[in-house]
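Working notes, beginning with the structure itself.
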Amino acid sequence: LLSVACAALYLPVQGRAPSLRRSFVKTAATALLAVLAFIEGGPWLLVAALALGAAGDFFLSRDGEAAFLAGLSSFLAAHIAYVPLFLAAGGGAEILTWQPWRLALVLLAILGAALLMRRLVPAAEPRMRLPVAVYAAAILAMLLAAATVPSPIILIGAILFVLSDSLLAVGRFLLPADSPRQRPAGAAVWVLYYLAQAAIALGFLL
């Protein structure tokens, strides 16, 4: 409940200038999910991924390219932690043949990633192109691993995570900083992201 409250409190301040309150509620929303996973005896990789997500939230609540890169690195590490977690909980690649819709989702994700990268890479600053490509590969690997997990809520969480990160990338690299679309895009990124982390956490704990 405290996590949900912090997530809700972040929404009205997400488009404002960085502040301690803004950073606190954003970081606490995911950090409390990590605390919940720890208290409930969840897998240590789940706790680690949520904690890394909370660190990424803190960095992305600050301004500047250094903070953005630190946030990107934190979320990259979180996605890398999710991959073995999902593979360990999954039913193997065979589940993709038992449930063809999962395979269709995987193929759609690969196609979507390719199309988005065609736009993002040229639009990004030269020094950001490799980090963006590596991050895109990591989140795609996370989604592919999640497709093998029988629990639909975990797969839904992974899909929401991909959508959130895609919107974040579009806002960062394709939309002008003063675009009127930035604020609603930022709110959508946060809602999708928080629901993703909550779905993944609850998928393992319930």
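Throughout, read-outs are computed from the coordinates displayed, never taken from laboratory work. Since the model is a prediction, treat every value here as computed from it, not as a measurement. Here the Cβ positions follow ideal geometry from the backbone for every residue, glycine too, while neighbour counts run over all protein chains shown.
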The chain: Cα Rg divided by the 2.2 N^0.38 Å rule of thumb: 0.99
Taking only C-alpha pairs under 8 Å that are 6+ residues apart, what is the relative contact order of the chain in percent? 21 percent
Subtracting the Cα-Cα distance from 0.36 nm times the residue separation, let me have the gained length for Val134 to Leu202 in nm, one decimal. 21.7 nm
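When ranked by the protection proxy of mean other Cβ atoms within 10 Å per residue, highest first, what sequence do the peptides 152-163, 62-73, 93-104 form? Show your work: numbers first, answer last.
Working: 152-163: 20.3, 62-73: 14.5, 93-104: 12.9.
Going from most to least packed, we get 152-163, 62-73, 93-104.
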For the stretch 15-74, max minus min Cα coordinate along each principal axis, in Å, sorted largest first? 37, 22, 13
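Sort 111-121, 36-46 by the packing proxy (mean of other Cβ within 10 Å over each peptide's residues), most packed first.
On the way: 111-121: 14.3, 36-46: 16.2.
Per-residue mean Cβ counts within 10 Å order the peptides as 36-46, 111-121.
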Total formal charge among the other residues, if their Cβ is under 14 angstrom from that of Val121, Lys/Arg +1 and Asp/Glu -1: +4
Could you give the alpha-carbon Rg of the stretch 17-124 over 2.2 N^0.38 Å, rounded to two decimals? 1.31
Determine the gain in length on full extension of the stretch Leu69-Ala114; use 0.36 nm per residue of separation and subtract their C-alpha separation, reporting nm with one decimal. 14.0 nm
When the charge dipole of the stretch 95-206 is computed with +1 on Lys and Arg Cβ and -1 on Asp and Glu Cβ about the Cα centre, the Cα farthest towards its positive end, among Leu167, Ala147, Met128, belongs to Met128
